[in-house]
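Presented below is the structure to which this report refers.
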Amino acid sequence: MPSVKHNDMPPTTLMRRISFSRYPSPPPPSVSGPPLRLRLRPLQLTLRRFNSSSATPTTISLLGRTYPTDGWTNITPSITAHLSQNLHLQPSHPISITRSLIESRFPSPTYTHHNHLSPIVTTAQNFDSLGFPSDHPGRARSDTYYINAGHVLRTHTSAHQLDLFKANHAPGFLVSADVYRRDAIDRSHYPVFHQMEGARGWDLAKTSVAEINDETEYLASLTASLQVEDLHPPFHEQTNPLQPQHSSEAAAAVAAHLKRSLESVVLALFTSAPNPDADADADSPSSSSSSSSSSTPAPPLKVRWVEAYFPFTSPSWELEVFWRGSWLELLGCGIVQHPILTAANLPSSHISWAFGVGLERIAMVLFGIPDIRLFWSTDDRFTAQFIQGEVTRFIEFSKFPGTLRDIAFWLPGGVEDGEDTGGANSGAGGPAVHENDIMEIIRNVGGDLVEDVLLKDQFTHPKTKRASRCYRVHYRSLERTLTSEEVNAKHAELEKALKEALGVEIR
């Protein structure tokens, strides 16, 4: 990951994580059996020491159930503390407001809404049901929080997709939930975030293409004020292929229904949000003299469709909106891969679309929230700013000073000639250390007092072949000024944790 500060990142980069899925693998047949990541086995032994002050407990209790632990267990107290907070269900919280605005465009009984599904799922649900191969990097302990070899904290709402297709309660469904991924530490990434996924299907043996088109025409009438750019055909043999189970007529009809439905979501979200550009104009010296005649209507919202690739859909697209002078990715979507529908025991004549969106990224744009950690704040100066059903611009209540501390260390073992030493791999003679393992230790010690962590320097000693890393840790509280003594104590605790967990030698 490049060492780029959040404030220097363009808006398009900040929105990059809201795509349908980050796992770029084609959908092979379903794979069963335990996940395989043999290269990380040595690291599991050291991380268990970090997760417990003594022996690793044989069981762990989460959300009212007890699970056995094993060599895959890597969930930490800092993560389990978030399991029952459910920001997407808290009234007047920006995540909940964003969820409700999207749900308003997918009413019942056509769509069922699922907002209380457990975050604990099986590896079969999270990976196998979607065709993840057994050696896919998404299965690695460096990416995913494992309760044990058979259970994980869901990494995406798609973990529930197959079950909901099987249930077939209604033509469509929406899922909103907290999801968990081990990741970098900065102002736009957090190990717990919220996704929404939606799907709508038809049995073409019972519903005609003309009926789908009629419904699409109605949806188009609701979005007539949008300025839409869509330069691509519904499918393309090389770049966005039609699935062999679908006729071109049916795929085009379902694609149009999907696009009009999601354009309606754009209207719901961005016509509810205050336009910061308009606020800037209102504050300009010339605005006061012309305020009485400033009834010029706002320019129409502009959206565009871009061809994309996602492992669970084909053809696939991303939807972008022009906001505050730049194009922002909002979501990913497409026509569901037919093998997923077949696995759900749906008839061969069934066809469905699906989309996925990250709620934090949308809320950060709509409400102007600059730091993802703020969503977890219980400070009244944050929570009192928001009212359910309204999108209001966040007003910073204070910007407390930050403090930088560097931590440099030798990784255990050496590096063989020609070995790739990128990331935080220790090389030959020592366990494989993924950078996310280092981030997890920093997060567990520093919590939300750590704003970001950047890799400042790395090198390999030419004689000993030992690998060195230096990270710059930025401590900043969102609610108070940290003292030097407090930061020094926290940093000393971090050094100790890294030594105990990974066997590093502090430089």
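Just so you know, all these numbers are worked out from the coordinates, no wet-lab data involved. The shown structure was predicted, so the numbers you read here are calculated from the model rather than taken from an experiment. As a convention, Cβ positions derive from the backbone with ideal geometry for all residues, glycine included, and neighbour counts pool all protein chains shown.
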Task: Segment GLU249-ASP163, length gained on full extension (0.36 nm per residue, minus Cα span) - done: 28.1 nm
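Please give the contour-minus-distance gain from ILE506 to SER100: 0.36 nm per residue of separation, less the Cα-Cα distance, rounded to one decimal in nm. Walk me through the intermediate numbers first.
Numbers: separation 406, 0.36 × 406 = 146.16 nm, distance 4.85 nm.
Result for the pair: 141.3 nm of gain on full extension.
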Task: Low-density loop positions, GluC sites (Glu not before Pro), the range 163-247 - DSSP coil, at most 13 other Cβ in 10 Å - done: GLU237
TODO: Filter the trypsin sites (Lys or Arg not before Pro) in the range 157-218 to those in DSSP coil with at most 11 other Cβ atoms within 10 Å of their Cβ, and list the result.
DONE: LYS206
Open item on the list: Give me the one-decimal nm value for the distance between modelled label points at GLN385 and TRP327, 7 Å along each residue's Cα-to-Cβ direction.
Closed with: 3.0 nm
Open item on the list: Going by amide H atoms built from the backbone, whose H comes under 5 Å of the H on TRP72, apart from near neighbours?
Closed with: ALA149
- [ ] Kindly list the residues of the range 351-375 that lie in the label zone of GLN90, defined by a backbone N under 14 Å from the point 7 Å along the Cα-to-C-beta vector.
- [x] 360, 372-375
Open item on the list: What FRET efficiency comes out for THR481 versus LEU222 if R0 is 60 angstrom and r is the Cβ-Cβ distance? Round to the nearest 0.05.
Closed with: 0.75
Open item on the list: Could you work out how much longer the chain between HIS232 and ASN213 gets when fully extended? Use 0.36 nm per residue separation minus the Cα distance between them, nm to one decimal.
Closed with: 4.9 nm
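How long are the three semi-axes of the equivalent ellipsoid of the range 112-243, in whole Å, if each is the root of 5 times an eigenvalue of the C-alpha gyration tensor, listed from largest down? Let's see the in-between values first.
Details: eigenvalues 213, 74, 59 Å².
Working through the eigenvalues yields semi-axes of 33, 19, 17 Å.
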Task: For the range 88-160 versus the range 441-478, the gap between their alpha-carbon centres in whole angstrom - done: 30 Å
Task: FRET efficiency, ALA489 to SER377 (Cβ-Cβ, R0 30 Å, nearest 0.05) - done: 0.85
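Given a cut-off of 29 Å, name the pairs among LYS463/LYS490; LYS465/LYS490; LYS463/LYS499; LYS463/LYS496; LYS456/LYS499; LYS302/LYS399 whose C-alpha atoms lie farther apart than that in the structure shown. If you can, show how the numbers build up before the last one.
Numbers: LYS463/LYS490 34 Å; LYS465/LYS490 31 Å; LYS463/LYS499 23 Å; LYS463/LYS496 27 Å; LYS456/LYS499 19 Å; LYS302/LYS399 34 Å.
With Cα atoms farther than 29 Å apart: LYS463/LYS490; LYS465/LYS490; LYS302/LYS399.
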